[in-house]
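Trainee: Below are the C-alpha cells for one structure; questions will follow.
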Amino acid sequence: MTGFAFEPNPTPMSVNERSGLLADPGFGRIFTDHMATIRYSADKGWHDAKITARGPLTVDPATAVLHYAQEIFEGLKAYALDDGGIAMFRADANAARFRKSAQRMAMAELPDELFVESCKQLVLTDRDWIPNVDGGALYLRPFMIASEVFLGVKPAAEYLYCVLASSVGAYWKGGARAVSLWVSHDYTRAAPGGTGEAKCGGNYATSLVAQQDAIARGHDQVVFLDAVERRWIEELGGMNIFFVMADGSLVTPPLGGTILPGITRASLIQLARDEGLTVREERYAIEQWRADAESGALVESFACGTAAVVTPIGRVAGPGYDFTIGSGGTGQTTARLLARLSDLQRGRAPDPHGWLQRIA
Ligand SMILES: *Cc1c(COP(=O)(O)O)cnc(C)c1O
C-alpha cells in the first residue's frame, strides 16, 4: 500500500466559526474537518488509505461490530510547540498497544507505520484546529471496527480503521481539582483471562453502570478492585492509579492482564525514577490504602491517563468507609510529576527519552 489519498472537505468550517469554537474547546465535543480511514479485507490486506471530510459512516445493520462488539480504540495527543511546530507524544507506543488490542480481539493488525502515518497526516491536514489556549491540543482517536456484514459468530474478515481529531483544552479548567472516588465492591472491570489489558469499547460498556453508581453516590469516578479476591486496587474506568508514600516512594498496581497498560502510567514511572524516586509495581489492597491514609504512611494518590494527564485524588469512599488523602487537595509529588510531564509534552522541558515526535 502506498500513501494516503487526500480528498479535501469541500465545505470546511469558516475561520470565524472555528475561532469561536476554539476559544473554549472543552473536551471531546469539537471535531475537525477531516478524518483518516483505511480498510482491511482478508483478500486485499490494508488498502484505500485516505484523508477525507469527516462525516457519518454508513453501515449495514448486519455489520459485525454492531452485534459482537469487535472494536478497539486509542487515545493520544498532538501539541503545538512554542516555536510554531507540532509534535505527537509517544504515538509509536499507541501503535504497538493498538496491535496488541487487535490480537486480543482477533482483529487484523494494523502495521505501526500506518497507525503513526494516519495520525500524522490528519494532524497536518487539520493543524489549524489545535486550540491556542493553555493546555490546548488535538486529541486523536484512532479506532477500528469489524465491518464485515455477517451474523455468524467468528472473527470478521473485513475491518474499517478510522482516526478522528478533536480540539481540546485543559481537561480541568483552572488547574487540576482533586477528585472523589467510589470503590466498587459490586462490579468488577476485568477478570484474569479477560480483556482488561486491551483498549476495547467493551471494557467501557461494562464500567458504565459502576461509574453511574459512583456519581449517584456523589463521587466523581469509580475505582475497581480485582475480580478474584475483591481487595487489590486495579484502576479507574479509564485511568491508572498511583499511591505516594510518606517516604517519597510510589506504588502502582502491576500490569498482568487485568489492567490497561497506560502510556501515561509508563511515562510517569520513568520520570519518577529519573528523579531518583523509588517506584514499586506491586499490589496494594483497599484496606491498606485506608489504613495508610489514616496513619499518614500514605500522603498522596493520583490517577493518570492521556486525557487529563494527572488527576489528584482527594477522597475515597466505599460501603461503610470514607477517608481523605493527605489534605484532600493536590499533593506536592502529584503536582511536580504533572508539571514535569506536561512541560515535556509541550516541548518546554528536556525530553531525554525521545518521546516527542516532531511532525512539523
Ligand atoms: C486508555 C486507558 C488508560 C490510560 O492510558 P493512557 O495510555 O495513559 O492514556 C487507563 N485505563 C484504561 C481502562 C484505559 O482505557
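Trainee: Could you pull out the residue among Glu113, Glu109 that is outside any helix (DSSP H, G or I) and more than 16 Å from the ligand (Cβ to nearest atom)?
Mentor: Glu109
Trainee: Mind listing just one residue for me: the one in region 22-53 that is part of a loop (DSSP other than H, G, I, E, B) and among the hydrophobic types (A, V, I, L, M, F, W, C) and, of those, farthest from Arg99 (Cα to Cα)?
Mentor: Ala23
Trainee: Sticking with this structure for a sec: Determine the pairs where a residue that is over 16 Å from Thr311 (Cα atoms), located within region 237-253, has a partner that is within 11 Å of the ligand (Cβ to nearest atom) with Cβ atoms under 9 Å apart, the partner being 6 or more residues away or on another chain.
Mentor: Pro253/Glu234; Pro253/Glu235; Pro253/Asn240; Pro253/Ile241; Pro253/Ile259
Trainee: Here's a follow-up. Among the listed residues Gly276, Gly354, Gly329, which satisfies the condition of being without any contact (Cβ under 8 Å) to a residue 40 or more places away in the chain, assigned by TED's automatic domain parsing to the domain that holds Glu229, in a loop (DSSP other than H, G, I, E, B) and surrounded by fewer than 21 Cβ atoms within 10 Å (Cβ to Cβ)?
Mentor: On inspection, the qualifying residue turns out to be Gly276.
Trainee: Run down Phe27, Phe31, Phe4, Phe89 and say which single residue is aromatic (Phe, Trp, Tyr) and in contact with a Ser or Thr (Cβ under 6 Å, 6 or more places away or on another chain).
Mentor: Phe31
Trainee: Filter region 61-105 down to residues that are within 16 Å of the ligand (Cβ to nearest atom) and acidic (Asp, Glu) and give me whichever is surrounded by the fewest Cβ atoms within 10 Å (Cβ to Cβ).
Mentor: Ranking the qualifying residues of region 61-105, first place goes to Asp92.
Trainee: Within region 291-314, count every residue that is buried (at least 18 other Cβ atoms within 10 Å of the Cβ) and more than 15 Å from Thr252 (Cα to Cα).
Mentor: The qualifying residues number 5.
Trainee: Among the residues of region 80-96, which ones are at pLDDT 95 or above and over 17 Å from Asp112 (Cβ atoms)?
Mentor: Those that are at pLDDT 95 or above and over 17 Å from Asp112 (Cβ atoms): Ile86, Ala87.
Trainee: Suppose we filter Gly256, Gly237 for residues that are in contact with a helix residue (DSSP H, G or I) (Cβ under 9 Å, 6 or more places away or on another chain), farther than 24 Å from Tyr79 by Cα, modelled with pLDDT under 95 and not assigned by TED's automatic domain parsing to the domain that holds Arg90; which single one remains?
Mentor: Residue meeting the stated conditions: Gly237.
Trainee: Right, another one. Quick one: how many residues across region 206-263 are of a type in the set (S, T, N, Q), within 14 Å of the ligand (Cβ to nearest atom) and not in a loop (DSSP other than H, G, I, E, B)?
Mentor: Result for region 206-263: 6.
Trainee: If you don't mind, there's one more thing I want to ask. In this structure, is Leu151 away from the ligand (no atom under 16 Å from the Cβ) and of a type in the set (A, V, I, L, M)?
Mentor: Taking the combined requirement at face value, the residue satisfies it.
Trainee: Please give the number of the condition Pro25 fails out of (1) modelled with pLDDT under 95; (2) under 17 Å from the mean Cα position of the chain (by Cα).
Mentor: Every listed condition holds for Pro25 apart from (2).
Trainee: Now a separate question. Looking only at region 264-278, which residues are more than 8 Å from the ligand (Cβ to nearest atom) and in contact with a strand residue (DSSP E or B) (Cβ under 8 Å, 6 or more places away or on another chain)?
Mentor: Matches in region 264-278: Leu268, Ile269, Ala272, Arg273, Leu277, Thr278.
Trainee: Regarding Gly193, is this residue closer than 30 Å to Pro111 by Cβ and over 17 Å from the mean Cα position of the chain (by Cα)?
Mentor: It is true that Gly193 is closer than 30 Å to Pro111 by Cβ and over 17 Å from the mean Cα position of the chain (by Cα).
The values are calculated or read from the model by the stated rules, or taken from the named source; none is laboratory data. The model shown is predicted, which means the values in this text are computed figures rather than measured ones. So basically every Cβ, Gly included, is an ideal-geometry build from the backbone, and we count neighbours across all protein chains shown.
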